Amino acid sequence: MTMPMYVSPEQLMKDRADFARKGIARGRSVIVASYATGIAFVAENPSRTLHKVSELYDRIGFAGAGKYNEFENLRVAGIRYADMRGYSYDRSDVTARGLANAYTQTLGAIFTQESKPYEVEIAVAQVGGGQDDDQIYRLTYDGSVTEERGFVVMGGASEPIATALRERWTPALPLADVLRLAVELLGGNGEEHRELAAGDLEVAVLDRRRQRRTFRRVGGPLLDALLDGRGATQDVPTRDDSRPGLHDTLTEHDPDGATTADGPGDPAASSNPQTQRED
């Protein structure tokens, strides 16, 4: 009878961590940064349907880097957690900290118990009444969670981008300046620098000036204006949530944030108007 090969727990964890880090580094970077009136999500993502950025709840957004199907599973689980908690208790009981705690338990269990860890990094951000109240949490493949102040960079070549952001980012920057800075850094430095157009980007914001649902995708003429400098005094249009059916004309409709993760036929959403997501 042959004896199974022994691998020390320390070496096993190191091999899993190296495997996950290499997978994440192969992906494109994502920047989540606070600005004067909210929190911006900027990702290099030319796809119009496979989103790396999404709404989780009224004032909470999600961004993922790494393997798409894995962070998409986490996104869907986060929406279900948020809707169930808001349905069972109150909408104000759904917080970014609660979602981060749930994610860290899931990722930690997968890292230690499954044969392959998730090759992902995710960020959960909640916009507050002021910049001092904004919350941005970064979660890594092993379940580690860190509360970041001001901004977070994930995936790809995150270290040089984070270093440049620390030197150039300030809390008072308007949205247009934050977007242009993020796009410049996502394009890389030196000889490998690439000019990223609006079609290469996925951009969304959590706008603290909105009363309830703060998440908005930014695209079309507004994004072009912001990146070209013509929108230096513009910002994402606000909307009166008390008037159903009124849409922002310069922002792209959010296809994956209009309903719960289970779709329009979710019985929990249909039985309680408070949990329905409005267009």
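The values are calculated or read from the model by the stated rules, or taken from the named source; none is laboratory data. Just so it is clear, the model here is predicted, and its values are computed rather than measured. Virtual Cβ from ideal backbone geometry, glycine too; neighbours counted across all protein chains shown.
Below is a table of values for the structure above.
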| quantity | calculated |
| --- | --- |
| Those residues of segment 22-51 which are farther than 30 Å from residue 90 by Cβ and within 10 Å of the chain's Cα centre (by Cα), in sequence order | 30, 31, 42, 43 |
| Matching residues in segment 126-158 - criterion: being of a type in the set (D, E, K, R), out of contact with any strand residue (DSSP E or B) (no Cβ under 8 Å at 6 or more places or on another chain) and closer than 30 Å to residue 111 by Cα | 142 |
| Segment 60-93 - residue that is part of a helix (DSSP H, G or I) and of a type in the set (Phe, Trp, Tyr) and, of those, nearest to residue 107 (Cα to Cα) | 71 |
| Filter result (more than 20 Å from residue 209 (Cα to Cα) and surrounded by 20 or more Cβ atoms within 10 Å (Cβ to Cβ)) within segment 29-49 | 29, 30, 31, 43, 44 |
| Enumeration of residues in segment 78-111 that are in contact (Cβ under 8 Å) with a residue 60 or more places away in the chain and within 18 Å of residue 125 (Cα to Cα) | 79, 80, 83, 86, 91 |
| Output for segment 91-110, where each listed residue is in contact with a helix residue (DSSP H, G or I) (Cβ under 9 Å, 6 or more places away or on another chain), farther than 20 Å from residue 38 by Cβ and not hydrophobic (A, V, I, L, M, F, W, C) | 93, 98, 103, 106 |
| Boolean, residue 75 is of a type in the set (Lys, Arg), within 15 Å of residue 103 (Cα to Cα) and either buried (at least 18 other Cβ atoms within 10 Å of the Cβ) or without any contact (Cβ under 8 Å) to a residue 60 or more places away in the chain (or both) | yes |
| Matching residues in segment 102-112 - criterion: being surrounded by 14 or more Cβ atoms within 10 Å (Cβ to Cβ) and at pLDDT 95 or above | 102, 103, 104, 106, 107, 108, 110, 111 |
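Residues checked against (1) within 23 Å of residue 29 (Cβ to Cβ); (2) of a type in the set (S, T, N, Q); (3) out of contact with any Cys (no Cβ under 7 Å at 6 or more places or on another chain):
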position: 64; (1), (2), (3): yes, no, yes
position: 70; (1), (2), (3): yes, no, yes
position: 77; (1), (2), (3): no, no, yes
position: 82; (1), (2), (3): no, no, yes
position: 88; (1), (2), (3): no, yes, yes
position: 104; (1), (2), (3): yes, yes, yes
position: 117; (1), (2), (3): yes, no, yes
